[in-house]
Amino acid sequence: TEIYTLSLHDALPISIGAEKLRIFDVSINGAPLLSGFDITTDAGGANTADEKIFKDVSPAQDGSLHLGFSTKRNGASLNGIEILPGIPGKALPIRIVCGPRAYYDHTGRLWRADRYFSGGRQDEGVGPVHGAEDPGLYSHNRWGHFTYAIPVADGTYRLTLRFAETYWRSNASGGNNGRLFDVHCNGKALVNRLDIYKEAGGENRALELTYRGLKPNAQNKLVLSFVPILDYAILSSIEVEDRSEEHTSELQ
């Protein structure tokens, strides 16, 4: 049986009183997919793009995917549909570089241009970073006080964040402490008082931090918050991989 990953894209461009303004159900091949769906609540606000991802989607007997939209209040709404070949039991990986252009790494994998963020600013590009298989993953940064709300399907995920300290240099005592920040996922701390310079062993050096066993929130999102303590938070790239099968085997 052919397996696909389905993404539904939408937004409600109303700024005041948008909650509960538009509610609808979505079905696929006659089976429920979303019930009582409220775009604004799911997106976290009006004028905000929303994306819902579903894995292990199969065609009906006629070879088609039949999507049904049933109104509960003020009509259903949809801006875009994306259907991609899937991996049985897994959502497709999400790879993002914090820059204006997509990037193909040395294995040919696609990293999409910066998306799913709110707050912060994107720099104009940084110099070479040492100790990285793919220096292009560190060619830009998002910096400031910012959040990423990454849509995922139901499951358990591994998250890899990539950083490089491209601004602060060592001080007279050989340390740095020019930048410290926290990183949270769905309100839980992943790392506190991160000092990239210290962890990477100097400036312009690649740092990868990996976290396992992450679960999406009620809106099926991994909400990553980058909270400054000293100077600004900074980030080069994000990788999210479905590890539901590994997590299931660990529990058995």
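The values are calculated or read from the model by the stated rules, or taken from the named source; none is laboratory data. Everything quoted here is computed from the prediction, not taken from an experiment. Positions of Cβ are generated from backbone atoms using ideal geometry, with glycine treated the same way; all protein chains shown enter the neighbour counts. With ligands, DNA and RNA removed, areas are computed over all heavy atoms of the protein, side chains included. Shrake-Rupley method; radii C 1.70, N 1.55, O 1.52, S 1.80 Å.
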Exercise. Can you find, among Leu110, Thr48, Ala76, the residue farthest towards the positive end of the dipole of the chain? Put +1 on the C-beta of Lys and Arg, -1 on that of Asp and Glu.
Key: Thr48
Quiz item: Excluding ligands, DNA and RNA, what is the solvent-accessible area per residue of the chain at a probe of 1.4 Å, expressed in Å²?
Solution: 51 Å²
Practice problem: Would you work out which of Val126, Leu159, Ser225 lies farthest towards the positive end of the dipole of the chain? Charges go on Cβ: Lys and Arg +1, Asp and Glu -1. | Solution: Ser225
Practice problem: Net charge near Ala49: determine it from the other residues with C-beta under 10 Å of the C-beta of Ala49, scoring Lys and Arg +1 and Asp and Glu -1. | Solution: -2
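Taking the Cα centre of the range 1-124 as the origin, how large is its charge dipole in debye, to the nearest 20, when only Lys and Arg (+1) and Asp and Glu (-1) carry charge on their Cβ atoms?
The calculation lands at about 100 debye.
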Quiz prompt | Difference of contour (0.36 nm per residue) and Cα-Cα distance, Ile3 to Ile87 | solution = 29.6 nm
Quiz item: Under a straight-distance cross-link criterion of Cα-Cα below 17 Å, which aspartates and glutamates are reachable from Lys90, leaving out those fewer than 8 residues away in the same chain?
Solution: Glu2, Asp56, Glu82, Asp154, Glu239, Glu241, Asp242, Glu245, Glu246, Glu250
Quiz item: Tally Lys/Arg at +1 and Asp/Glu at -1 over every other residue whose Cβ is under 9 Å from the Cβ of Ala76; what's the total?
Solution: +1
Quiz item: Hey, any idea what % of the range 68-218's accessible area is carbon plus sulfur with a 1.4 Å probe?
Solution: 48 percent
Practice problem: Find the all-direction average of the projected area of the Cα convex hull for the chain, expressing the result in square nanometres with one decimal place. | Solution: 15.9 nm²
Quiz item: Which whole-Hz ³J(HN,Hα) couplings does the range 198-206 yield from phi under the Karplus relation 6.51 cos²θ - 1.76 cosθ + 1.60, θ = phi - 60°, glycine and proline marked x?
Solution: 5, 5, 7, x, x, 7, 6, 10, 6
Exercise. Quick one: of Lys72/Lys215; Lys188/Lys221; Lys55/Lys188; Lys198/Lys221; Lys55/Lys215, which pairs are farther than 20 Å apart, Cα to Cα?
Key: Lys72/Lys215; Lys55/Lys188; Lys198/Lys221
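Counting Lys and Arg as +1 and Asp and Glu as -1, each charge on the Cβ, what is the dipole of the chain about the Cα centre in debye, to the nearest 20?
Details: 26 positive and 31 negative charges, 98 e Å.
Approximately 460 debye in magnitude.
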Quiz item: By per-residue mean of other Cβ atoms within 10 Å, what is the highest-first order of 218-228, 232-242?
Solution: 232-242, 218-228
